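The values are calculated or read from the model by the stated rules, or taken from the named source; none is laboratory data. None of these values were measured; they are calculated from a predicted model. Positions of Cβ are generated from backbone atoms using ideal geometry, with glycine treated the same way; all protein chains shown enter the neighbour counts.
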Amino acid sequence: MNAAFQTTPTVSVIVVAADSGPTLRECVRRVMACEVPLELILVDNGSGDGVPQAIERAMQQEWRLRVIYNRANLGFGPAVNRGAAQARGNVLLILNPDCMLDDASLRRLLELLRAHPKAGIIGAVVCDDHGVPDGASYRRDPYLGRALRSLLGKNDGVNIGGDMPAEPVRAEAVSGALMAMPRVVFENLRGFDEAYFLHCEDLDLCRRARDAGYEVWLAGDVHVLHGKGGSSRHRPVFVSWHKHRGMWRWFRKFDPAARNPVTSSVVWLGLWAHFVAKIPGQWLRLLRRGRPALAATDGE
């Protein structure tokens, strides 16, 4: 193996795990099968399932893999920041543990970064097991009016309705399940805002990137399988709690409507009423699955 290849990866793939289960093994396997020079930084947020440790043991001779163990669940953004601090690649690729990357998709993302020098973040179309795109792949800033329209099921809300574009397009925001960006951009933005624990930190990063003069792009011709929060499905109340906290923080930071104290109070009450209203259905689904309602996180 060429020594320069070992010391200068092109891409640093950062995966945050938190009791992510067997999908993490397949995510790691597919990343390591890519031929692009890369390193994989696996950041474990205090998992109790033993999967990160098993992966490290099985790949102890693989210099491209590094595992960072956090003693507690720090949240998604803080864990990514710790992984990025140890990254050596010129490009960071933030990847959910239930997202399945392939070499062709990775090469296309790198090609787009080279083709668009002002690009700060490039996302992909993330799809479910049936190939159906997640609407969160192509988003707008979640201003109050847009968020209300999304809540009412309208197509002109936060997620851009209709078919996904078939080619690269400029976007306001993309899904944090997969984000490629130059490391220098991530460093200039000082990474994720660590006041978010889970959810909306990707919307925040995209907004700050645009405010700093960078472009956000969706690679419409790159489709990646995404399991949609494998470790979150059996801990929905905890995840929902942090999602609503994230929505409140984004609103307070960026939405002009937050300057009005009456509007701000109504939004606060509405958010938490919505959170409480969702709990019975979440618990019912848990009981039907026969799983304990515990708490964990992975990326959005």
Those residues of the stretch 97-120 that are part of a strand (DSSP E or B) and out of contact with any Asp or Glu (no Cβ under 8 Å at 6 or more places or on another chain) come to a total of 1
In this structure, does residue 175 turn out to be polar (S, T, N, Q) and more than 19 Å from the chain's Cα centre (by Cα)? no
Scanning the stretch 137-172 for residues that are surrounded by 15 or more Cβ atoms within 10 Å (Cβ to Cβ) and among the polar types (S, T, N, Q), the one nearest to the chain's Cα centre (by Cα) turns out to be 137
Residue hits (the stretch 22-47; modelled with pLDDT under 95 and either surrounded by fewer than 19 Cβ atoms within 10 Å (Cβ to Cβ) or within 16 Å of residue 179 (Cβ to Cβ) (or both)) are 22, 46
Taking first residues from the stretch 64-89 that are over 21 Å from residue 243 (Cβ atoms) and in the same structural domain as residue 15 (by TED's automatic domain parsing) and second residues anywhere that are assigned to a helix (DSSP H, G or I) and of a type in the set (Phe, Trp, Tyr), the pairs with Cβ under 7 Å that are 6 or more apart or on different chains are 84/186
Just a yes or no: is a residue in the stretch 99-109 in contact with a strand residue (DSSP E or B) (Cβ under 6 Å, 6 or more places away or on another chain) and under 20 Å from residue 172 (Cα atoms)?
-> yes
In the set 213, 220, 191, the lone residue that is under 24 Å from residue 130 (Cα atoms) and out of contact with any Cys (no Cβ under 6 Å at 6 or more places or on another chain) is 220
Flagged in the stretch 201-244 as assigned to a helix (DSSP H, G or I) and modelled with pLDDT of 95 or more, in numbering order, are 201, 202, 203, 204, 205, 206, 207, 208, 209, 210, 211
All conditions in (1) within 30 Å of residue 213 (Cβ to Cβ); (2) surrounded by fewer than 17 Cβ atoms within 10 Å (Cβ to Cβ) are true of residue 95 except (2)
